[in-house]
1. In the set ASN163, ASN146, which member is surrounded by fewer than 12 Cβ atoms within 10 Å (Cβ to Cβ), within 16 Å of the ligand (Cβ to nearest atom) and either part of a loop (DSSP other than H, G, I, E, B) or modelled with pLDDT of 95 or more (or both)?
2. Residues of the range 91-108 being within 15 Å of CYS39 (Cα to Cα) and not in a helix (DSSP H, G or I), which ones?
3. Only one residue in ASP256, ASP263, ASP250 is out of contact with any Cys (no Cβ under 6 Å at 6 or more places or on another chain), more than 28 Å from ALA21 (Cα to Cα) and assigned by TED's automatic domain parsing to the domain that holds VAL133, so which one is that?
4. May I ask you to list pairs of residues, at least six apart or on different chains, whose Cβ atoms are under 8 Å apart, with the first in the range 111-136 being β-branched (Val, Ile, Thr) and the second being at pLDDT 95 or above and within 16 Å of the ligand (Cβ to nearest atom)?
5. Among the numbered criteria (1) buried (at least 17 other Cβ atoms within 10 Å of the Cβ); (2) in contact with an Asp or Glu (Cβ under 9 Å, 6 or more places away or on another chain); (3) among the acidic types (Asp, Glu), which one does GLU201 miss?
6. Could you please find all residues in the range 45-90 being assigned to a helix (DSSP H, G or I), of a type in the set (Ser, Thr, Tyr) and farther than 22 Å from TYR107 by Cβ?
7. Any residue at all in the range 246-259 that's among the aromatic types (Phe, Trp, Tyr) and more than 16 Å from the ligand (Cβ to nearest atom)?
8. Got at least one residue in the range 225-242 being assigned to a loop (DSSP other than H, G, I, E, B), buried (at least 21 other Cβ atoms within 10 Å of the Cβ) and among the β-branched types (Val, Ile, Thr)?
Amino acid sequence: MSKSLNFFKQHIDNPIRIKQAETLDSALNEHFKFDYVECIETGCSYGGYDDFGTYLGFYTQEKKGKLSTVDIVPESVEKSKSFYKTLFPELDVTFCAGDSVEFLNSYSGQPNLVHLDSWDLADGSHDDGAGCVQSMSVLEIFKKLNYKPKNTIRVVLFMNEENGGRGANKYEELSKTNAENHIFALESDSGGFSPRGFSFECDEANFQKVNSWKYLFEPYLIHSFVKGGTGSDINPLTSGKIVKAGLKPDSQRYFDYHHAANDTFDAVNKRELELGAATMASLVYLFDQYGID
Ligand SMILES: [Zn+2]
């Protein structure tokens with residue numbers, strides 16, 4: 001057991017939190033092995049049972065890294081300050097009372113460990129760690145291919161999807177304020193299982209257009225293109241003309257893990273996750289090259 005996990009277990013006796021910390025601890029120590037940690041905790045931890053920050057604080061302190069914690073409730077930030085001071089006297093920690101989107105906008109470092117909330121029984125590895133990682137992988141794939149996109153391609157890891165969609169609403173608000181024009185939005189929030197295709201929200205002309213690309217997807221059995229709901233985080237997004245798409249992975253095992261205590265890192269199959277990311281990159285590439293009608 002790592003020192004961070006041991007420390008966590010000394011301070012927390014909520015079995016759900018302990019299981020979360022155990023799976024995170026083994027994922028970090030087996031697969032990531034960071035030498036240095038720059039961590040962002042979205043939503044302050046301030047003592048008592050619900051303190052996942054206890055693990056993150058100790059882990060960051062152990063790695064002599066730095067931690068930033070942001071919360072929209074000023075009292076939580078104040079409690080958090082005294083909590084961290086007591087438990088982690090040597091930790092380099094920054095506190096921010098405010099909107100996490102604005103905080104991240106002004107953040108200039110390069111974090112390598114970020115805590116986003118999920119449904120609160122497990123890590124939320126399928127729901128929706130998988131979608132976050134796949135979305136970031138799209139850019140990684142383009143970078144590896146040395147692909148220079150025609151359009152701006154942005155990855156958004158939306159906050160608060162599970163209990164209010166405030167991240168999605170804030171994104172739409174900022175995009176209006178900044179007069180941004182989105183032509184295409186793609187969401188992945190149905191688990192990291194083998195991809196099967198996409199659902200689309202668009203007009204008939206654009207649906208015909210995506211169907212003309214279907215043959216490119218067919219050899220990999222990822223060519224189920226249907227009209228239908230795409231994703232709750234891109235739902236509020238409006239633009240003059242926009243095509244929305246949702247990755248459709250195989251749904252047979254989703255509810256074995258959805259909002260359950262076994263939705264942990266080890267429940268995700270690396271190959272299936274990667275296939276989904278590659279499928280998303282393919283569609284993003286096509287819209288980037290050929291635009292929308
Ligand atoms: Zn969910």
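1. ASN163
2. The answer is LEU91, ASP92, VAL93, THR94, PHE95, CYS96, TYR107, SER108.
3. It is ASP250.
4. Going by the 8 Å Cβ cut-off, the qualifying pairs are VAL133/GLY192.
5. If we test GLU201 against (1) buried (at least 17 other Cβ atoms within 10 Å of the Cβ); (2) in contact with an Asp or Glu (Cβ under 9 Å, 6 or more places away or on another chain); (3) among the acidic types (Asp, Glu), just (2) comes out false.
6. THR54, SER82, THR86
7. Here is the first cut: in the range 246-259, the residues among the aromatic types (Phe, Trp, Tyr) are 254-255, 257.
Adding the requirement that they be more than 16 Å from the ligand (Cβ to nearest atom) leaves none.
No; the residues of the range 246-259 include none that is among the aromatic types (Phe, Trp, Tyr) and more than 16 Å from the ligand (Cβ to nearest atom).
8. Among the residues of the range 225-242, at least one is assigned to a loop (DSSP other than H, G, I, E, B), buried (at least 21 other Cβ atoms within 10 Å of the Cβ) and among the β-branched types (Val, Ile, Thr), which makes the answer yes.
The values are calculated or read from the model by the stated rules, or taken from the named source; none is laboratory data. It should be emphasised that the depicted structure is a prediction, and the values quoted were computed from it without experimental measurement. Glycine also receives a Cβ, built like all others from the backbone with ideal geometry; neighbour counts cover every protein chain displayed.
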